[in-house]
Structure formats: structure tokens, C-alpha cells
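Where a number appears in this text, it was derived from the coordinates with a stated rule and is not lab data. Every value quoted in this text rests on a predicted model; they were computed, and no experiment measured them. Cβ coordinates were reconstructed from backbone atoms using ideal geometry, including for glycine residues, and neighbour counts include every protein chain displayed.
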Amino acid sequence: MSEKRLPGHREIAAACGFSTATVSRALAGHPGVRESTKQAVQRAARALGYQTDPRMAALSQRRWQSGRSSGTVKILVLVDSFTFSEKNAPKFAVLNEAATGYGYELEYLVAEKVIGQGARITRELVSRGIRGILVNVHRTDVLPDLAWNEFCVVMVGEEHPDLPFHRVGTNWRQGFDLVTAEMRRVGCSVGFCIVRYGVEQGVIGTELNRLVLSEALLHREEFSAAGYGDAPLFRFDTEESGVEQRFRSWKEQHNIDVCLCNNLEPHYWLENMGSEIRNQTKLYAFPLSQEAAILGIPGCDLNLGTRISEGLRLLHQSLLLDDRGHSKVPKTVLIPVSAIGF
């Protein structure tokens, strides 16, 4: 009669609901495992009558120490196809350089390619020892349903209050403050030209768009209170029929000196109106994108390179503290903008 097989890590994992990798680390006393997780694993092991093989434990400990001293730790960068584009290549070049400085290797994963595969991706990442994820997406609807409690997570970019991860963003409200304060100082007639992000691209930017619009409305009130009258607001969709003509009528009706915009379409509309009309209105871009900088348009720079480097620094801290999963009180780091061309 064959000898009865003693319970191993697989049986313990099935009993307590953790992955086999987590069970292995917990039983080995890995410092990167939460105390509550260790206790849950140990309770399941005791209930199953698990016994440690001292030879295997010693071998595992040597392997872990060797891996740690190698300094090669991998971080997953989760992006979407909108973010992971050629125009954003400089931003990711900064990220790669910063990761090298911390001793990390980066792997990139486009979220749309693994929709509906969250469980499989989680198992694969955990088995390969990836504990840190840097999320840089516009579209939260494409995020895979990962077991986030297994990972330290930091989001970089737009605000997504529904995802309570640590976050690094730009203090874009400060950008509004800088620009509108300067316009009031020089006594310009100002108009706000705000694109409806999200209309032609699904859910991209919808949350940020709502916040930008509310900030624009606030500063319109400030202009009125300061005696400059009501600053007109032009809302548009980039694919809207006749939007360029509507913009021209709006501009001429209000005799605007400076147009504050969060999209470059107004620049090209002004170009089409001829030099005489174009020169009557200056454009300030918010934010100052790479394309706007090339075109020589002044505005506010959102410091993308600084922002993403800061995101990696915050993730590094989370990894050191093993701060995994959703946070009840997530940390938010805001990067100051830079005023250009005033």
C-alpha cells in the first residue's frame, strides 16, 4: 500500500485562499508578507497537519537570499493603448532611467490585451515575483480584474477617486491659478475653451474633464468678482459638425484677448482664420503638451517626466513597506506645474 501524501503548499493555498507563492513566502518568514497573512497561512497549515521539511526550507532560504542580493526586482507598468503611444515615448524613457537608478527592471503590459484575464495574470505575476505595479491609464474600464491585494500599486496621471490606490498627479488647479492670476494682472479679456474629453474616445478623461470644467467655472466667478465681467466659456467636441465656425462666432462675439484651452484644436482654428483675426487672440495651452511647445504656444507644463519619476519613488516606498492592495487612506503626491511664456 502506498504511503499517504502529506499536505503541501498547494493544499494550504486551497484551504486559506492565498496563492502558493504567498503560502511559500509566509511559511518561510519572508519579511515582505503581511503579519495577518502569515497568521492565516500558519493556521491553515496547522489544521492540515503540515510539517516543514528542514532540507527544503534551508534550500528555499538560500534561493531567496540569492535573489535579493542580485538587485533584480521587476515592476509591472500597466498602460492602455492611448497612453502607451509614440508621442509619450519621452515620458517612458524617463521612467526607464529612473527604474535603473532604483535597481528595478520594468515590464510593460497593455491593459486592453488582457481584459477578462485578471485571475490568470495575477497568478503569473505572483509566480514570477512581481509585487509592484505602476498604473498609467486613462481608461479605467480596461483595467484587468487583478487580485490587487497581492501587489503594491501606484497610479500616475488622471484622478480616479473610485480606485483608492496611492497616486501621483499634477497640481493642475495650480495651473489655472497661475494663468488666470496673470491674466487679471495685465487686464486681459479672457475666454475659457474647454473640450469635452470622453465624447469621441469613450470614457477617456471623463473624470478629469468634469474637474477641469468645475475649475474653469470657479475662475470665471473670480474674474467677474474682480470687475472683469463674465469670462465666456466655449465647450466643444472635436468631432462636432460646424464646431470651427461656432468657435469663430463665439470669439468675435466676445472680443476675447486670451483664450485658455485644454486642447489644441482652437490653435488650428485660429490659424485658419487668417493673420488679422488670429493676431487678435492669444492662446494659452493648459496643459502645455509637447505638441504645443513645438508650436511655440505658451501655457503650463505638467512636468510629465517629474510626475512619473515621483510615481516610481512612491512605489519604491510602498514596496519597502509592503503596502499592498487598496488603501483606506491613499497617499496623493501633487507635482507643481511650470508657467511658460508669461
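For the range 236-251, what does the Karplus curve 6.51 cos²θ - 1.76 cosθ + 1.60, with θ = phi - 60°, yield as ³J(HN,Hα) per residue in whole Hz, taken in order and with x for Gly and Pro?
Using θ = phi - 60°, the values come out as 8, 10, 5, 9, 5, 5, x, 5, 5, 5, 5, 5, 4, 5, 4, 5 Hz.
Select from the range 64-167 those trypsin sites (Lys or Arg not before Pro) which occupy a DSSP coil region and have at most 13 other Cβ atoms within 10 Å, ordered by residue number.
Passing both the DSSP loop test and the Cβ count: ARG128.
Given 37 °C and 0.692 mPa s, how large is the Stokes-Einstein diffusion coefficient of the range 72-178 in µm²/s, with Rh as the Kirkwood radius over Cα pairs?
Stokes-Einstein gives a translational diffusion coefficient of 223 µm²/s.
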